[in-house]
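Here is the structure we will look at, set down as structure tokens.
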Amino acid sequence: MKLETYNKRLLAILGSVAVIFLLIALFSFLVYTINDMRRNNYPEETGILSDEKIEELQRKQKRQQVISYNTPKLVDTVNSIYMIPVSHKNLEEEEDINSGLLKAMASSSDYYENEDERYSANFYGKFNNLLLYDAKSQTTNKLFEKRINFNNIRTEYFEDDILILIQASNSDTYKDGVINLQDLSSLYVYSFAQNELKTISQSGMDAYQYDFLYNTKDLILSFGIDKNEDGRYTEFNEPTRIKKYNFETGVLNDLIDKTLSEELQNTLEGSK
């Protein structure tokens, strides 16, 4: 009788453990599925056409992409400054460049949301410029003067400033006919307090990742080295270099000095 009772209790315990494991597995699967759906819901990054493709279209007096504006986002509540991302749409077929801007223009409702997103840290889409609208003075200015492509706008709020950070490509370094984030990129930082756009870049490198040093505006950046010189950074087999950007001086320096880097490389190679 005691043995039978013991067996029943053991089976009950094992059954309970099995149910718990199944619930954990189901929860993990649901979390993974939701995260995967969120990743896939980001707009497809199409890029803007390369300079060579633009020249070809210009010769034919044709266009293949048109400007589109996204919903304004309030970023400076005190001064009523809005940012208006400028995106682009690919036409189904080339059209006459003289057909008029009104025909070419399109308003974007792809990412329109009713709720107030004034404190959103990141804004995703397909962009080629950014407009800043001053509601007080009724003026609108563009952030970039050159052809550029990016898919994320990040805003950071400080006690004395608001920064807009954009990782963007402005040249078809990969030579695939499109300027997109397959190409080597730079980091652009716009300061509201200084009314200045700063460019952080390194020749032959990709501004791969960045973050702020704690409690400062200084940045730590990971630059991907285009080691095989194919015009893009491949994370799988190409190295990175870590640099520090001083926001006030605009100076970009290696975070790890040359001597230490050589020592680490020699150790890895077994040279020393």
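Computed values, structure above
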quantity	calculated
Filter on 73/126; 198/243; 136/217; 142/244; 142/243 - keep pairs with C-alpha separation over 18 Å	136/217; 142/244; 142/243
Radius of gyration and Dmax over the Cα atoms of region 124-176, both given in Å	13.6, 44
Estimated vicinal HN-Hα couplings, Hz - region 257-266 in sequence order (Karplus 6.51, -1.76, 1.60; Gly, Pro = x)	5, 4, 4, 5, 4, 5, 4, 5, 5, 4
Taking the convex hull of Cα positions in region 184-266, its mean projected area over all directions (nm²)	6.4 nm²
Low-density loop cleavage sites - chymotrypsin sites (Phe, Trp or Tyr not before Pro) in region 177-272, where at most 14 other Cβ are within 10 Å (DSSP)	214, 236
Computed label-point distance, nm, for sites residue 265 and residue 51 using a 7 Å Cα→Cβ extension	3.1 nm
Centroid-to-centroid separation of region 67-86 and region 208-262 [C-alpha atoms, Å]	30 Å
Values of log10 I(q)/I(0), in the order q = 0.17 Å⁻¹, for region 126-272 under a Debye, Cα-only, solvent-free model	-1.03
Least to most buried among 179, 242 (fewest other Cβ within 10 Å first)	242, 179
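Every number in this text was worked out from the coordinates using simple rules, so none of it is lab data. Only a predicted model underlies this, so the values are computations on that prediction, with no experimental measurement involved. Note: ideal-geometry Cβ built from the backbone for every residue, glycine included; neighbour counts use all protein chains shown.
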